[in-house]
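Notes follow once the structure below has been shown.
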Amino acid sequence: MKFTNGYWLNREEYDVNSPKETYDAQQNGKTITAFAPYKRIMSRGDQLNLGATTITLTSPVENVIGVKLEHFDTNEHGPEFKINNLDPEVAIEVNDQVASLQSGDLKVTLPLRTDFEMKFTANGQLVTQSETNAQATIWNHDTKVNYMREQLSMGIDEKIYGLGERFTNFVKNGQVVDTWNQDGGTGSEQAYKNIPFYISSNGYGVFVDESQRVSFEIGSENVDRVQFSTEGQSLQYYVIYGPTPKEVLHRYTQLTGAIKLPPAWSFGLWLTTSFTTDYSEETVLKFIDGMQEHHIPLDVFHFDCFWQKGFEWCTLEWDKEQFPDPEGLLKKIHDRGIKVCVWLNPYIAQKSPLFKEAKDKGYLLTRENGDVWQWDLWQAGNGFVDFTNPAAVKWYQDKLKVLLDMGVDSFKTDFGERIPAEDVKFFDGSNPQQEHNYYTLQYNRAVYEVIQQEKGADEAVLFARSATVGSQSYPVHWGGDNLSKYSSMRDTLRGGLSFLLSGFGFWSHDIGGFEDGPGTPTADLYKRWSQFGLLSSHSRYHGSDVYRVPWNFDDEAVENTRKYVNLKLSLMPYIYTEAAHAAAYGNPLMRPMFLEFGDDDNVYDNATQYMFGPNILVAPIFNDQGKAHFYLPSGKWTSILDGKVYQAPRTGEWVNEVFDELDLPVLVRQNSIIVRNEKAVHAAYDYTKDVDIHLYQIQDGNVSSKVVDEHGQDAAEIKVERSNGHIVINTVGLTGDSTVYVHENNDTIKLSLVDGKAEVTL
């Protein structure tokens with residue numbers, strides 16, 4: 001939100017008051033409370049008829065400093081994000097001249113009785129700062145609404161990322177971002193997953209701890225600052241120091257909630273019938289058997305919304321006209337080795353038998369006059385389940401238990417973002433403005449917890465559409481709705497990378513684009529998007545009005561899908577190991593290039609390629625000519641598909657190359673150990689048995705890699721040492737017969753493990 005009229009003036013409707021000095025400060029245990037009046041205090045008379053901001057400084061996590069700005073001490077109605085307090089050691093200094101708090105390497109300093117400033121430094125270097133007139137309490141005398149504002153400085157060439165799933169430019173500088181969940185699609189500035197957290201190329205992040213709308217001006221009002229503001233009398237935020245972006249994300253998830261590792265089977269291929277296509281038991285089995293006939297491994301089948309009767313979403317009951325024997329159908333699918341997911345939303349249409357039940361019990365949101373809050377958007381007479389009511393949560397979960405007992409394995413939790421914020425009452429009295437974004441957390445938590453209870457913690461996974469802070473604990477998250485065209489494929493990746501820089505670990509999208517239209521997706525787009533989707537953490541074929549089975553496009557689409565499903569399954573020892581390790585540390589599996597190559601300035605604007613784990617580079621192709629334009633940081637890179645070696649110079653290299661429709665750049669960086677199993681037919685299997693160990697361009701020195709089991713626990717380790725052309729491989733924890741492939745320049749040498757060991761002189 002913009003409050004100024006140029007640099008010197010404020011807009012006429014706003015009265016803006018900013019701290020002009022820090023008058024005094026007090027220490028209370030591990031907390032500093034400072035008092036910052038809105039003018040310099042030169043005499044006792046200056047203390048009269050004057051407002052002030054109370055500034056509270058804390059540290060809940062090492063290298064994280066919390067700042068609360070408070071004008072009036074108003075009652076908080078919630079809801080509030082859960083903040084984990086790890087109670088780190090802090091160093092506090094308060095004297096006549098300065099107040100400071102240090103946590104780890106990060107220090108905040110407030111000089112006293114001089115022009116206001118608040119500096120954040122690390123190891124003596126400036127991280128960011130709030131300068132004079134940056135903070136403010138702002139009164140709109142026309143609307144009678146108060147706002148709180150902060151502005152934190154940006155350095156020269158500093159770049160800002162994150163803020164949730166955003167389909168605008170990857171680098172957020174110059175943008176206006178409002179964190180307000182809406183279903184806007186990939187072609188819009190609106191987003192399903194708004195996260196008031198940004199990460200800077202300068203080694204820090206900022207989390208604004210407000211569940212209501214937060215408006216960010218990223219160098220778009222004051223060009224040297226990131227401004228964030230929200231309605232009310234207080235503003236809470238945290239400065240998170242790295243210094244690397246991986247460490248920033250680690251500390252952010254320590255603060256707001258750990259990333260949960262999904263079960264291994266969820267990493268396989270998901271197939272749906274698409275949205276508005278006609279389907280029945282016959283259609284479902286035809287598609288599942290068709291995948292088997294075409295030798296394409298399938299792990300999950302998803303039933304979209306029409307598993308229920310139209311106009312009745314949600315009934316949480318099968319449409320018996322199309323699915324007369326759901327238990328029998330689910331058994332048939334399970335007998336084929338495939339899991340089942342069904343679609344949900346938290347809205348109850350008036351025609352649904354559940355509507356009256358929920359209304360009579362008081363389980364739906366109401367208007368101020370006591371009527372159920374309804375509209376005709378999405379479904380006729382939609383009501384909203386009130387997840388602030390524990391009885392409503394249990395009621396909803398009990399309905400889901402029936403489905404889980406029937407054989408359903410997972411849920412796609414659709415919607416949850418256009419939650420009413422005006423003329424609405426929540427059961428627990430929560431502030432509707434704060435509930436709007438927070439609602440999705442309550443909804444997805446309710447669903448996730450019942451899956452945990454019924455299936456076990458290691459088997460719990462859902463596919464969530466909307467998200468907020470803390471939702472990383474309820475994976476996986478879906479990205480869309482995209483269009484069936486190449487530019488939307490690019491936008492989808494851009495949104496995914498922004499999202500994965502916002503504290504989330506796992507992400508998927510609608511392969512081929514969701515909004516189909518006549519003649520779309522074209523066969524070439526389907527193939528290129530399939531490659532990208534099958535080299536994402538999670539992979540789902542889904543569309544609007546077009547069946548997504550590959551044989552509906554062309555024979556080469558079948559071959560392409562088979563190739564990349566098998567590639568992903570073969571890579572699961574690597575993928576699941578990196579997924580487990582990344583989640584435990586609070587990092588994404590798919591990651592922007594700068595997370596791995598932070599010392600290479602060429603990667604900071606790059607959002608058309610990504611690293612899949614730390615070792616594999618993927619550069620999707622966004623055109624029908626097969627033209628690839630991708631960047632390689634310094635070193636040797638080897639194609640995992642055909643063994644071609646690229647030697648990038650010390651300064652890095654941009655590559656232009658044409659690939660046929662079955663290929664794209666999938667490159668392994670030098671000094672990598674990649675464990676594979678070419679015989680895999682599902683995503684979940686024993687990752688330590690009968691595996692192939694691929695060593696790519698091993699350099700002098702030592703390199704090692706762990707391998708996890710199906711539960712994400714370290715189960716094996718591979719250690720490699722090279723000296724003067726001699727390579728020694730030692731392993732522990734592997735079983736069965738394993739083969740070592742040494743990729744040296746353009747050659748490949750095959751070795752057998754004997755008692756877990758092998759060696760070769762090149």
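So for the stretch 432-445 (the condition being modelled with pLDDT of 95 or more, surrounded by fewer than 21 Cβ atoms within 10 Å (Cβ to Cβ) and either more than 29 Å from residue 587 (Cα to Cα) or of a type in the set (Phe, Trp, Tyr) (or both)), does at least one residue qualify? Within the stretch 432-445, one or more residues are modelled with pLDDT of 95 or more, surrounded by fewer than 21 Cβ atoms within 10 Å (Cβ to Cβ) and either more than 29 Å from residue 587 (Cα to Cα) or of a type in the set (Phe, Trp, Tyr) (or both). Filtered by the rule that a residue be of a type in the set (Lys, Arg) and either closer than 30 Å to residue 71 by Cβ or more than 21 Å from the chain's Cα centre (by Cα) (or both), the stretch 218-272 gives 225, 251.
Tell me, which residue of the stretch 654-681 that is more than 20 Å from residue 734 (Cβ to Cβ), in contact with a helix residue (DSSP H, G or I) (Cβ under 9 Å, 6 or more places away or on another chain) and not hydrophobic (A, V, I, L, M, F, W, C) is surrounded by the most Cβ atoms within 10 Å (Cβ to Cβ)? In this case the residue turns out to be 669. Sort out which residues of the stretch 393-414 are surrounded by 23 or more Cβ atoms within 10 Å (Cβ to Cβ) and among the aromatic types (Phe, Trp, Tyr), and write them in order of number. Once the filter is applied, which keeps residues that are surrounded by 23 or more Cβ atoms within 10 Å (Cβ to Cβ) and among the aromatic types (Phe, Trp, Tyr), the stretch 393-414 yields 396, 411.
Screening residue 223 on (1) among the hydrophobic types (A, V, I, L, M, F, W, C); (2) assigned to a loop (DSSP other than H, G, I, E, B); (3) crowded, with 20+ Cβ neighbours inside 10 Å shows it passes everything except condition (3). In the set 707, 720, 740, 703, only one residue is of a type in the set (Val, Ile, Thr), surrounded by fewer than 20 Cβ atoms within 10 Å (Cβ to Cβ) and in a strand (DSSP E or B); that residue is 703. Just one of the listed residues (132, 128) is in the same structural domain as residue 105 (by TED's automatic domain parsing), of a type outside the set (Gly, Ala, Ser) and over 20 Å from residue 179 (Cβ atoms), namely 132.
Yes or no: residue 251 buried (at least 23 other Cβ atoms within 10 Å of the Cβ) and either in contact with an Asp or Glu (Cβ under 9 Å, 6 or more places away or on another chain) or assigned to a helix (DSSP H, G or I) (or both)? Judged against the criteria, residue 251 is a match. Being out of contact with any Leu (no Cβ under 6 Å at 6 or more places or on another chain), at pLDDT 95 or above, among the aromatic types (Phe, Trp, Tyr) and closer than 22 Å to residue 198 by Cβ is a property that holds for residue 120. Annotation note: Cβ proximity below 6 Å between a residue of the stretch 334-360 that is among the basic types (Lys, Arg) and a residue that is not in a helix (DSSP H, G or I) (sequence gap 6+ or interchain) occurs for 339/300; 339/409; 351/311; 351/312; 359/372. Annotation: of all residues in the stretch 548-601 being closer than 24 Å to residue 264 by Cβ and among the small types (Gly, Ala, Ser), the one that is surrounded by the most Cβ atoms within 10 Å (Cβ to Cβ) is 579. The requirement of being buried (at least 22 other Cβ atoms within 10 Å of the Cβ) and outside any loop (DSSP other than H, G, I, E, B) is not satisfied by residue 261. Of all residues in the stretch 475-525, those satisfying the criterion of being closer than 23 Å to residue 555 by Cβ, of a type in the set (Gly, Ala, Ser) and assigned to a loop (DSSP other than H, G, I, E, B) are 484, 512, 513, 519.
Conditions tested, residue by residue: (1) under 30 Å from residue 268 (Cβ atoms); (2) in contact (Cβ under 8 Å) with a residue 12 or more places away in the chain.
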site: 709; (1), (2): yes, yes
site: 725; (1), (2): no, yes
site: 728; (1), (2): no, yes
site: 750; (1), (2): yes, no
site: 760; (1), (2): no, yes
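Within the stretch 49-57, at least one residue is free of Cβ contacts under 8 Å to residues at least 12 places away in the same chain and either closer than 30 Å to residue 243 by Cβ or surrounded by fewer than 16 Cβ atoms within 10 Å (Cβ to Cβ) (or both). Exactly one residue out of 212, 227, 233 is farther than 30 Å from residue 708 by Cβ, touching a helix residue (DSSP H, G or I) at 6+ places or on another chain (Cβ under 6 Å) and of a type outside the set (Val, Ile, Thr): that is 212. In the stretch 652-662, what residues are free of Cβ contacts under 8 Å to residues at least 40 places away in the same chain and not in a strand (DSSP E or B)? Across the stretch 652-662, the qualifying residues are 659, 660.
Filtering 174, 162 for residues that are modelled with pLDDT of 95 or more and either assigned to a strand (DSSP E or B) or buried (at least 20 other Cβ atoms within 10 Å of the Cβ) (or both) leaves a single hit, 162.
Yes or no, residue by residue, for (1) at pLDDT 95 or above; (2) farther than 30 Å from residue 440 by Cα; (3) in contact with a helix residue (DSSP H, G or I) (Cβ under 9 Å, 6 or more places away or on another chain):
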| position | (1), (2), (3) |
| --- | --- |
| 36 | yes, yes, no |
| 44 | no, yes, no |
| 47 | no, yes, no |
| 59 | yes, no, no |
| 63 | yes, no, yes |
| 79 | yes, no, yes |
| 97 | yes, yes, no |
| 106 | yes, yes, no |
| 114 | yes, yes, no |
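Residues in the stretch 544-568 that are over 20 Å from residue 683 (Cα atoms), in contact with a Phe, Trp or Tyr (Cβ under 6 Å, 6 or more places away or on another chain) and assigned to a loop (DSSP other than H, G, I, E, B): 544, 548, 553.
Filtering the stretch 491-545 to residues that are β-branched (Val, Ile, Thr), over 29 Å from residue 594 (Cβ atoms) and touching a Gly at 6+ places or on another chain (Cβ under 8 Å) leaves only 520. Consider the stretch 283-338 and keep the residues that are among the charged types (D, E, K, R) and touching a strand residue (DSSP E or B) at 6+ places or on another chain (Cβ under 8 Å). The one that is modelled with the highest pLDDT is 299.
The values are calculated or read from the model by the stated rules, or taken from the named source; none is laboratory data. Because the structure is predicted, anything quoted here is derived from the model rather than measured. Virtual Cβ from ideal backbone geometry, glycine too; neighbours counted across all protein chains shown.
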